[in-house]
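Below is one structure; the comments refer to it alone.
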Amino acid sequence: MKTLKHIGVFIGMFALVNCSSAQTSALADTLYFRDGHSMAVQLDEIGPDALIYRQVGETLRRSVAKSEIARITLHSGEMIKIALEPMDAKMPPQAAKLKHVLKVDILSPVTNHLVLGYEQVLRPWMNVEAKVGLIGVGIAKQEDAKYSGVMLKAGIKFITRPTIASHGMKLNALLQGGYVKPELIYSSYTMKSTGLNGSATLDQDPVKSGDFAFNLVLGKQHLLGGAVTVDTFFGLGFGMHWSRTSDEVDKDAGSSKLFGVMVGRSSFPIALSAGMTFGVAF
């Protein structure tokens, strides 16, 4: 009789353990990793960079990088997909699609050249930008001389990453942020001087000039209203300016005009650039 009683107690305890285990399993969440395996856990927290979980039946909290997880199935049946690209997971879908900008330098007409630009996202934190300037187009008066020519710029923007403290909070577009941009600048233009001598007009021989510079540009671009960019920048580097009259070339012809870049004399070949652009993102 005692033996039967002991067997009954053992069977009851075994059933209780199985029932408890089944109930715990029913409440477990499942992590599906990108390498193909899965794991049943009790999920405590989904953070911006990591998941906090406990293995079933344990109290020790563990973590796993969010980038290693493809999806999560909660014990309630709800499924959560984890985006492979961290940036796409932290910005509105419409903002993530904006990877191109057409822009104009609104300050360039003041110095008689019109600068148009194009920017494209190469990958997160790296954009390429190119600009072309039409020299002689602007609002400044050209009474003593007339200029005509072209200016070209090209560079790579290295956009600063958010700090760890603000990760996932400020990242809402691929086309905004502070940046450093190594940039090559080239300009070629002709100056034609005119003057009055009594009632006669004197036309001097045209002077052809050019600039070549390498600048390190610091700037910051903002995205307003989800479609308009405002970019302010300043560049400093080294350059060379030359002028040519007829067949003579003078590489020490003084400083250049501010057509995209200002280059000093050969004895002080510092190159400066600055501007502000408005653009339309798409």
Just to verify a result, which residue in the range 250-269, among those that are surrounded by 15 or more Cβ atoms within 10 Å (Cβ to Cβ) and at pLDDT 85 or above, is nearest to VAL101 (Cα to Cα)?
GLY260
Selection status of LYS97, at pLDDT below 90, crowded, with 17+ Cβ neighbours inside 10 Å and either within 34 Å of the chain's Cα centre (by Cα) or under 30 Å from GLU129 (Cα atoms) (or both):
no
In the range 103-126, which residues are loosely packed, with under 15 Cβ neighbours inside 10 Å and assigned to a strand (DSSP E or B)?
TYR118, GLN120, LEU122, ARG123, MET126
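Answer yes if at least one residue in the range 55-64 is modelled with pLDDT under 85 and more than 32 Å from the chain's Cα centre (by Cα), and no otherwise.
Residues of the range 55-64 modelled with pLDDT under 85: 57.
With more than 32 Å from the chain's Cα centre (by Cα) added as a condition, the list becomes 57.
Scanning the range 55-64 turns up at least one residue that is modelled with pLDDT under 85 and more than 32 Å from the chain's Cα centre (by Cα).
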Residues of the range 138-155 being more than 25 Å from GLN120 (Cβ to Cβ) and surrounded by 14 or more Cβ atoms within 10 Å (Cβ to Cβ), in sequence order, are GLY138, ALA145, LYS146, TYR147, SER148, GLY149
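The values are calculated or read from the model by the stated rules, or taken from the named source; none is laboratory data. Bear in mind that the values here come from a model prediction, so they are computed numbers and not experimental data. Don't worry about glycine lacking a Cβ; one is built from the backbone with ideal geometry, like all the others, and counts go over all protein chains shown.
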